[in-house]
Amino acid sequence: MSLDDVRVDAIRYAHWYRGRGVGPGTHVGLHTRDGLLGLIHHIAITSLGAAAVHCNPRMAPATAAEYFLRTRTTVLVGDGDLLKGLADAWESDAPGKATPVVADIASLAVTAPLPPRPMPGFPHRHADEDLIMISHSSGTTGRPKAPVFHHGSFFAGKRERLWSFPRCAPTGC
């Protein structure tokens with residue numbers, strides 16, 4: 001993929017998410033084995049001011065299902081088989097409880113349209129204190145914790161890493 005492909009896909013997915021009510025403060029779950037696709041969706045989600053809720057695809061379905069409910073995820077995109085495991089867990093462990101709107105990440109790659117015109121307020125301009133990501137701990141000491149990341153502190157750490165990233169020689173890295 002080129003950087004332009006990543007940009008276009010992030011805009012397409014952001015348009016799709018916005019059509020489902022995603023905006024500043026919304027928690028959107030990502031449950032996929034595809035790291036690049038997860039990153040592109042993360043960019044789309046945060047470009048709307050929402051927080052991406054990441055979950056390890058190897059987490060037991062019942063544990064992952066509880067994690068998404070606990071983090072107040074309202075929209076969830078993931079691999080079809082992982083979503084099926086979550087749906088089964090919600091049906092047996094949380095009957096009648098409000099669950100997220102779910103969509104298969106592979107189908108969005110084909111069906112998510114480009115917006116017909118530029119989206120107003122896009123991309124969202126973050127303040128330092130804006131929540132941008134909820135991750136998960138390993139769960140080795142009990143149920144997985146949900147550490148949070150805010151724009152200012154997360155970006156400061158990434159910026160420092162980018163400035164200190166090793167340079168490649170003309171012959172390659």
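Contact order, relative form, for region 1-104: 28 percent (alpha carbon pairs under 8 Å, 6 or more residues apart, mean separation divided by residue count). Secondary-structure-derived ellipticity at 222 nm for the chain, considering helices only, amounts to -13000 deg cm²/dmol, per-run term -39500 (n - 2.57) for DSSP H runs with n ≥ 4.
Taking packing as the residue-averaged number of other Cβ atoms within 10 angstrom, the listed peptides 51-60, 20-29 run from highest to lowest as 51-60, 20-29.
Computed over the alpha-carbon pairs of the chain, the distance histogram in 5 Å steps reads 1, 8, 16, 19, 20, 15, 10, 6, 3, 1, 0, 0 percent, short to long. Kyte-Doolittle cut-off -1.0, length cut-off 15 Å along the helix's own axis using Cα: show which whole DSSP H helices in the chain pass. For the chain, where a helix must reach 15 Å along its axis and average at least -1.0, the hits are 3-18, 35-46, 80-93, 151-163.
Taking the DSSP beta bridges in the chain as the whole, what percent of them are antiparallel, to the nearest 5? Percentage antiparallel, nearest 5: 20.
For the chain, the residue among Trp90, Pro120, Thr74 whose Cα projects farthest onto the positive side of the dipole built from Cβ charges is Pro120. Please list, in order, the residues from region 90-117 whose amide nitrogen is less than 19 Å from a point placed 7 Å along the Cα→Cβ vector of Asp34. Within reach of a label on Asp34, which here means backbone N under 19 Å from a point 7 Å along Cα→Cβ, region 90-117 contributes 102-115.
Readers should treat all values here as calculations from the given coordinates under stated rules, not as data from a laboratory. What you see is a predicted model; the values in this text were computed from it and never measured. A quick note on method: Cβ atoms are made from the backbone with ideal geometry, for glycine too, and the neighbour counts reach across all protein chains shown.
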